[in-house]
Amino acid sequence: QVQLVQSGAEVKKPGASVKVSCKASGYSLVDYYLHWVRQAPGQGLEWMGRINPDSGDTKNAQKFQGRVAMTRDTSINTAYMELNRLRSDDTAVYYCARGGKNFVKGDYWGQGTLVAVS
Amino acid sequence: DIQMTQSPSSVSASVGDRVTLTCRASQGIGSWLVWFQQKPGKAPKLLIYAASDLQTGVPSRFSGSGTGTDFTLTISSLQPEDFATYYCQQANSFPPTFGGGTKVEVK
């Protein structure tokens with residue numbers, strides 16, 4: 001069955017970087033866009049960006065331009081999201097999710113990775 | 001960016017009630033509207049895509065309707081497992097954007 005399994009929780013200091021992984025199983029990563037969505041404590045959902053795992057092309061929300069990098073390793077069916085220059089307001093649960101180009105159908109999600117910046 | 005506004009922000013209901021949630025887009029998005037359900041500590045779950053298409057495995061008591069700027073999610077007979085927060089999301093224009101959510105609470 002399709003699963004997205006993310007790496008574990010992280011605690012980081014302001015100014016540091018964090019890299020979250022998302023391993024796909026039950027399907028080939030290159031067959032679907034992979035999106036990253038975050039949720040601050042008690043808040044709503046915020047779309048961060050996406051990667052086309054086949055080509056490696058990425059597109060990010062303006063808010064994260066220059067601060068986020070999305071990559072993938074197709075040999076191990078895994079995608080990564082790295083966020084740099086962390087601030088306290090980056091504290092959130094970060095999700096990866098499979099979906100179409102503009103997130104038309106986010107049908108499978110990872111379990112979430114808590115990143116705490118303090 | 002397209003702004004998505006959900007109303008109400010919370011609703012109190014009882015098991016068996018018919019519940020209707022509303023989502024409004026700041027500009028027309030055709031039928032490119034998605035609904036998610038989220039329970040505390042869990043990832044969102046896809047309920048409906050393309051405004052009215054039910055995701056496989058989602059109970060038929062959930063239905064979606066609307067086009068353009070105004071959309072609704074209806075739960076025909078609320079079940080205990082349906083108490084959760086519901087989010088709409090537009091997939092018409094870059095970037096995808098979410099509404100602020102509607103929490104369905106126990107009355």
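The values are calculated or read from the model by the stated rules, or taken from the named source; none is laboratory data. Since this is a predicted model, take the numbers as computed values, not measurements. FYI the Cβ positions are ideal-geometry reconstructions off the backbone, even for glycines, and counts take in every protein chain you see. With ligands, DNA and RNA removed, areas are computed over all heavy atoms of the protein, side chains included. Shrake-Rupley method; radii C 1.70, N 1.55, O 1.52, S 1.80 Å.
Worth pointing out:
- Restriction of the chymotrypsin sites (Phe, Trp or Tyr not before Pro) in the range A:56-118 to DSSP coil positions whose beta-carbon has at most 13 other beta-carbons within 10 angstrom yields no sites.
- Carbon/sulfur fraction of accessible area - chain A, other protein chains in place, 1.4 Å, %: 46 percent
- At an R0 of 45 angstrom, the distance between the Cβ atoms of A:E82 and B:S7 translates into a FRET efficiency of 0.75.
- Heavy atoms of B:S52: accessible area, 1.4 Å probe, square angstrom to 10: 70 Å²
- Computed with every protein chain present, the accessible area of B:R61 is close to 50 Å² [probe 1.4 Å].
- Sorting B:D82, B:D53, A:D107 by accessible area puts them as B:D53, A:D107, B:D82; the probe is 1.4 Å, largest comes first, and only protein heavy atoms count.
- Summed over both chains, the area buried between A and B is near 1600 Å², taken from the accessible surface of protein heavy atoms with a 1.4 Å probe.
- On a per residue basis, the protein assembly as shown carries 45 Å² of accessible surface, using protein heavy atoms and a 1.4 Å probe.
- Using the Cβ-Cβ distance between B:D17 and A:A40 with R0 set to 25 Å, the FRET efficiency works out to roughly 0.25.
- Approximate shape of the protein assembly as shown as ellipsoid semi-axes (Cα gyration tensor, √5λ), whole Å, largest first: 29, 19, 17
- Counting only the Cα atoms, chain B fills a convex hull of 88 Å³ per residue.
- Two-site FRET efficiency, A:S7 against B:K103, from Cβ-Cβ distance with R₀ of 22 Å, rounded to 0.05: 0.15
- Whole-Å semi-axes of chain A's equivalent ellipsoid (Cα gyration tensor): 22, 14, 14
- Chain B - percent of accessible surface contributed by carbon and sulfur, probe 1.4 Å: 47 percent
- Part-to-part distance (alpha-carbon centres) for the range A:13-53 and the range A:76-104, which is given in Å: 2 Å
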